[in-house]
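The values are calculated or read from the model by the stated rules, or taken from the named source; none is laboratory data. The model shown is predicted, which means the values in this text are computed figures rather than measured ones. In this analysis, Cβ positions are derived from the backbone assuming ideal geometry, glycine residues included, and neighbour counts consider all displayed protein chains. Note: areas computed on protein heavy atoms with side chains; ligands, DNA, RNA excluded. Shrake-Rupley method; radii C 1.70, N 1.55, O 1.52, S 1.80 Å.
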Amino acid sequence: MAIGQEPKQYISNIYGEFQLPSLRLGIFRPQGMHRAEFENSAKNGMSLCLEVSDLAEAIAHLTVLGYPPPGEILTAASHGREIYAYDPAGNRLILHQSNN
């Protein structure tokens, strides 16, 4: 691995999670029905997934900042509730609250 360690969690061809100093980094391949959302990297430079302890509070905070998430809360069986938001540069922020 280029980051010098094996993943802490790994699902072949789907997900790898690494623990770095002060950062947990997860790299994933979107499921088939969501791949089109990620294909045009020129539209949004990157997607950043952020785990939050309280999704409703995170949504309220983004709304106060003037960047309310445009869609509805989704439930992903693998990791819990999530919503997409966008930063001023158009990068996608995937906020998720874990099932744990």
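May I ask you to list the residues in segment 69-100 that are of a type in the set (S, T, N, Q) and over 22 Å from Gln9 (Cβ atoms)?
Answer for segment 69-100, where residues must be of a type in the set (S, T, N, Q) and over 22 Å from Gln9 (Cβ atoms): just Asn91.
Got at least one residue in segment 36-43 being out of contact with any Lys or Arg (no Cβ under 7 Å at 6 or more places or on another chain), part of a helix (DSSP H, G or I), at pLDDT 80 or above and closer than 17 Å to Glu82 by Cα?
No: segment 36-43 contains no residue that is out of contact with any Lys or Arg (no Cβ under 7 Å at 6 or more places or on another chain), part of a helix (DSSP H, G or I), at pLDDT 80 or above and closer than 17 Å to Glu82 by Cα.
Please pick out the residue among Ser22, Ser53 that is at pLDDT below 85 and open to solvent by 100 Å² or more (accessible area, probe 1.4 Å).
Only one candidate qualifies: Ser22.
Does Glu82 satisfy the criteria of being part of a loop (DSSP other than H, G, I, E, B), acidic (Asp, Glu) and at pLDDT below 95?
On the way: part of a loop (DSSP other than H, G, I, E, B): no; acidic (Asp, Glu): yes; at pLDDT below 95: yes.
Answer is no for this residue.
Six or more apart or on different chains, Cβ atoms under 8 Å: show the pairs whose first residue is in segment 5-28 and within 20 Å of Ala77 (Cβ to Cβ) and whose second is open to solvent by 90 Å² or more (accessible area, probe 1.4 Å) and of a type in the set (Ser, Thr, Tyr).
Here the result reads Tyr15/Ser78; Gly16/Tyr10; Glu17/Tyr10, each pair linking segment 5-28 to a residue that is open to solvent by 90 Å² or more (accessible area, probe 1.4 Å) and of a type in the set (Ser, Thr, Tyr).
Collect the residues in segment 56-91 that are touching a Lys or Arg at 6+ places or on another chain (Cβ under 9 Å) and either open to solvent by less than 60 Å² (accessible area, probe 1.4 Å) or of a type in the set (Lys, Arg) (or both), keeping them in residue-number order.
Selection gives Tyr84, Ala85, Gly90.
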